[in-house]
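Just below is one structure, and these are the notes that go with it.
The values are calculated or read from the model by the stated rules, or taken from the named source; none is laboratory data. Fair warning: this is a prediction, and the values are worked out from it, not measured in the lab. Cβ: placed from backbone, ideal geometry, glycine included. Neighbour counts: every protein chain shown.
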Amino acid sequence: MQTKQNMTDYPFIYREATVDDIPKLAKIHSIAWRETYEALNAYPNSNYPTAELREHQWREAFSHLDGSWFCYVVENADSEIIGFAKGKKYNSTDLPSFAGELNKIYLLRSYHNKGIGLKLLGQVVKKFIEMNIFSMVLFSEPQNPTGKFFEKLGAKKLYANNGEFHGGYGWTDLNKLATICNVA
């Protein structure tokens, strides 16, 4: 009798994205974004970003390879990109205690809850530490359920001066997060 192989048994590859990945990044970005926000009904009338729009945005990003940002992808056993995470330097007078920003992190829904997102996040944390950046912020929709994932990993909700939560999370010790992500 054959048993179904668990997804975590597959070899996943985590690597830095390249210009050649742009079409695949655009496709995954569009699909994973839609999977996330469609469930929230956050954008009515199916006004979702297309793969064409995302490809334009990724081409623009890759036209500025100045070291201020980076992107990691994760591939499955079939060499298909199933997720990505983009980090960039963060300079803001509003939140001066944060030096890095987890700008984007998306993983196809069928790969959630398998430890893949944690390892992908770990790649970003490791890169920030290599860049001597030891704090990180991210911004999301306030109702995004992924916020619970970040809170479980030690992120603190960031509240506006009036006490409202607008979707910001922050880590002030990336060395601690690296240990949690098992990349220390």
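Overview of values
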item	result
Residue count, the stretch 82-91 (criterion: touching a residue at least 12 places away in the same chain (Cβ under 8 Å) and part of a loop (DSSP other than H, G, I, E, B))	1
Scope the stretch 61-81; condition surrounded by 15 or more Cβ atoms within 10 Å (Cβ to Cβ), touching a residue at least 60 places away in the same chain (Cβ under 8 Å) and not polar (S, T, N, Q); matching residues	74, 75, 81
Filtered residue count, the stretch 4-45, keeping only those that are at pLDDT below 65 and not in a helix (DSSP H, G or I)	8
When residues of the stretch 104-114 are limited to those that are out of contact with any helix residue (DSSP H, G or I) (no Cβ under 6 Å at 6 or more places or on another chain) and part of a loop (DSSP other than H, G, I, E, B), the one nearest to residue 82 (Cα to Cα)	112
Candidates 155, 160, 178 - the one that is of a type in the set (A, V, I, L, M) and without any contact (Cβ under 8 Å) to a residue 12 or more places away in the chain	160
Selection count where residues are surrounded by 15 or more Cβ atoms within 10 Å (Cβ to Cβ), among the hydroxyl-bearing types (Ser, Thr, Tyr) and over 28 Å from residue 38 (Cα atoms), scope the stretch 82-110	1
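Let's see how each residue does on (1) part of a loop (DSSP other than H, G, I, E, B); (2) modelled with pLDDT under 95; (3) β-branched (Val, Ile, Thr); (4) touching a strand residue (DSSP E or B) at 6+ places or on another chain (Cβ under 6 Å):
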residue	(1), (2), (3), (4)
101	no, no, no, yes
122	no, no, no, no
126	no, no, no, no
129	no, no, yes, no
138	no, no, no, yes
147	no, yes, no, no
166	no, yes, no, no
176	no, no, no, no
183	yes, yes, yes, no
